Amino acid sequence: MSLVKVFYDHRADGEELVVYEKSIRLYREACEVIDQYPWETEIELTEKLGVGGGFQFILGDERVYACYQFTPIDYEKGFLFFDLVMAPGFLNIFGRKSISKDFDVVSISEAKVKIKELFDYSVASLYEKYRR
């Protein structure tokens, strides 16, 4: 069973974003983090202040990893981005094996389906899936 790190931020009290971090092993726990996010409040404050919170779900370590970033833009939807580094390469340039994919605007349920991949696949198998 893979360990996935989750970083998410939202306002607890006031207007300052607070960063939270969790290590989770189950897809159900990832869904709970998303479901317990204060969507309505954050969307309102993002519109008012011009900056908002979001989520990062990371499988792997600092050198080899797969990461989904989900940024709320409206109630029930947000931008979803995928980044994967299979081999950082020399000077982060030569021999680097990486993938970046923009899924554009997706619903919460669509984001959850994609995030589930971090619990079902390894970084190497996700690299093979998305490099095509």
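The values are calculated or read from the model by the stated rules, or taken from the named source; none is laboratory data. All of these numbers come straight from a predicted model, not from anything done at the bench. Using ideal geometry, Cβ is built from the backbone for each residue, glycine included, and neighbour counts are taken over all protein chains shown. In case anyone asks, the SASA skips ligands and DNA or RNA and just uses the protein heavy atoms, side chains included. Shrake-Rupley method; radii C 1.70, N 1.55, O 1.52, S 1.80 Å.
Residues in segment 36-56 that are open to solvent by 40 Å² or more (accessible area, probe 1.4 Å) and either under 14 Å from the mean Cα position of the chain (by Cα) or hydrophobic (A, V, I, L, M, F, W, C) (or both): Leu49, Val51, Gln56. Out of the residues in segment 57-91 meeting the condition of being within 14 Å of the chain's Cα centre (by Cα) and of a type in the set (D, E, K, R), tell me which one is least open to solvent (accessible area, probe 1.4 Å). Looking at residues that are within 14 Å of the chain's Cα centre (by Cα) and of a type in the set (D, E, K, R), I get Asp83. Pairing residues of segment 94-115 that are over 20 Å from Gln36 (Cα atoms) and of a type in the set (Lys, Arg) with residues that are outside any helix (DSSP H, G or I) and at pLDDT below 95, at Cβ distances under 7 Å and at least 6 apart in sequence or on separate chains, gives Arg96/Ala87; Arg96/Pro88; Arg96/Gly89; Lys97/Met86; Lys97/Ala87. Residues that are open to solvent by 60 Å² or more (accessible area, probe 1.4 Å), without any contact (Cβ under 8 Å) to a residue 24 or more places away in the chain and of a type outside the set (Lys, Arg) were ranked within segment 4-34; the one that is farthest from Phe70 (Cα to Cα) is Asp13.
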